[in-house]
Amino acid sequence: MNPPVQGIFITGTDTEIGKTTIAAAIVGLLGRTGLRVAGLKPVAAGTSQIDGESINEDVHALRAVSSVALSADEIAPYQFDAACAPHVAAALEDRNIDRGRILAAIQAAAARCDRVVVEGVGGFRVPFDAVGGWDSADLARDLDLPVLMVVGLRLGVINHALLTAEAIRARGLRLCGWVANTVNPAMAQVSATLDALAVGLGSAPCLGLVPRLPAATPEAIAPYLNVPALHRLFDSDSALKENP
């Protein structure tokens with residue numbers, strides 16, 4: 001048997017709500033403590049030319065902050081050119097997203113690290129095949145990691161966050177916390193929304209409130225995160241695996 005992967009799984013209330021920027025900030029924080037840590041995004045859709053390399057920009061961002069040198073393929077065994085649903089992007093390239101290959105890649109990367117931060121794709125339940133036989137929620141369950149939810153602050157977020165938390169817990173996974181990330185800086189009643197989220201998400205603590213930033217770099221995000229609480233999540237295996 002392979003040893004359990006140590007780290008967290010990052011999901012979000014939707015796509016384009018800042019999962020990667022929050023994940024990169026957490027990877028950077030952990031790396032500065034001396035831990036060998038890497039950010040992984042096993043499935044990534046949409047590539048562009050960055051520094052002469054065809055790569056997904058999220059994969060590029062996670063590789064840049066990881067304290068363990070990994071190739072783009074090690075961070076993301078599946079990268080697709082089209083920026084659309086992964087199973088659609090895969091079909092456009094006549095490829096399949098193989099469960100075993102993803103899990104093997106994560107295990108191999110984790111073996112070189114003290115901790116990994118594994119980012120999902122889109123929201124919590126994004127299909128990896130056309131028939132719905134395996135999705136990003138199944139990946140989280142396969143890894144059995146605590147889940148941190150990035151909550152994109154915009155209209156409708158309470159419903160999206162509560163449904164996502166329900167889906168996480170229904171699979172026997174621990175929602176270890178959430179980070180509120182400002183998607184719409186003009187959103188009304190932010191304070192009331194945060195209060196409702198705190199009540200609805202129960203035992204999962206808020207680990208940060210990130211404003212809309214001119215440049216959402218890991219260094220710019222870090223001051224808005226509850227750094228001591230985040231470090232406690234990674235202090236020991238028991239802290240990561242405790243029951244809710």
*Near Val37, within a Cβ-to-Cβ distance under 10 Å, what is the net charge of the other residues, with Lys and Arg +1 and Asp and Glu -1?*
+2
*Table column - 3J(HN,Hα) (Hz), the range 115-123, Karplus curve with 6.51, -1.76, 1.60, x for Gly and Pro*: 8, 10, 10, 9, 9, x, 10, x, x
_Alpha carbon centroid spacing (whole Å) that separates the range 18-83 from the range 90-127_ = 12 Å
*Arrange the residues Met149, Met187 by how much accessible surface each exposes, largest first, with a 1.4 angstrom probe.*
Met187, Met149
_Using the Karplus curve 6.51 cos²θ - 1.76 cosθ + 1.60 with θ = phi - 60°, what ³J(HN,Hα) values do you get for each residue of the range 8-23, in whole Hz, with x for Gly and Pro?_
9, 10, 10, 10, x, 6, 5, 8, 6, 10, x, 4, 5, 5, 5, 4
*Report the FRET efficiency, 1/(1 + (r/R0)^6), for Leu92 and Ala220, where r is their Cβ-Cβ distance and R0 is 51 Å, rounded to 0.05.*
0.90
*Among the DSSP beta bridges whose two residues both lie in the range 123-244, what percent are antiparallel, rounded to the nearest 5?*
15 percent
*Say R0 is 41 Å: what FRET efficiency, to the nearest 0.05, do Glu166 and Ile50 get from their beta-carbon distance?*
0.65
*Measure off, as a whole percent, the carbon and sulfur share of the 1.4 Å-probe accessible area of the range 128-177, all protein chains present.*
53 percent
*Out of the range 169-206, which trypsin sites (Lys or Arg not before Pro) are coil in DSSP terms and have no more than 15 other C-beta atoms within 10 Å?*
Arg171
*Does the range 123-181 classify as rounded, prolate or oblate by the C-alpha gyration tensor (a ≥ b ≥ c root eigenvalues; a/c under 1.5 gives rounded; else a/b over b/c gives prolate, otherwise oblate)?*
oblate
*Quantify, in whole percent, the carbon and sulfur part of the accessible surface of the range 1-106 (1.4 Å probe; protein heavy atoms only).*
50 percent
*Value of Rg/Rh across the range 1-117 [Cα atoms, Kirkwood radius]*: 0.96
_Distance between modelled label sites at Arg212 and Cys84, nm, 7 Å Cα→Cβ extension_ = 3.0 nm
*Report the trypsin sites (Lys or Arg not before Pro) located in the range 1-97 that are in a DSSP loop and have at most 14 other Cβ atoms inside 10 Å of their Cβ, or state none.*
Arg32, Arg36, Arg95
*Placed amide H near Leu153: partners under 5 Å, 5+ positions off or other chain*: Asn181, Thr182, Val183, Asn184
*Karplus (6.51, -1.76, 1.60) ³J(HN,Hα), θ = phi - 60°, over the range 45-55, in Hz, Gly and Pro reported as x*: 10, x, 10, 8, 8, 10, 6, x, 10, 7, 8
_Under 10 Å, Cα contacts only: if you run a Gaussian network model on the chain, which one of Asp94, Asp73, Asp129 comes out with the highest mean-square fluctuation?_
Asp94
*With a probe of 1.4 Å, find how much accessible area the range 40-195 has per residue, and write the answer as a whole number in Å².*
42 Å²
_Cα→Cβ-extended label distance, 7 Å offset, between Asp129 and Leu35, nm_ = 3.3 nm
*If you rank Arg125, Arg141 by how much accessible surface each has, with a 1.4 Å probe, what is the order from largest down?*
Arg125, Arg141
*asked:* Assuming 0.36 nm per residue, please report the length gained on full extension of the stretch Ala196 to Thr15 beyond their Cα-Cα distance.
replied: 63.0 nm
_Using distinct alpha-carbon pairs, which all enter the 1/r mean, Kirkwood radius of the chain in Å_ = 17.9 Å
*Ranked by accessible surface with a 1.4 Å probe, highest first, in what order do Val68, Val199 come?*
Val199, Val68
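The values are calculated or read from the model by the stated rules, or taken from the named source; none is laboratory data. Not measured: the values here are computed from a predicted model. A quick note on method: Cβ atoms are made from the backbone with ideal geometry, for glycine too, and the neighbour counts reach across all protein chains shown. Only protein heavy atoms, including side chains, enter the accessible area calculation; ligands, DNA and RNA are left aside. Shrake-Rupley method; radii C 1.70, N 1.55, O 1.52, S 1.80 Å.
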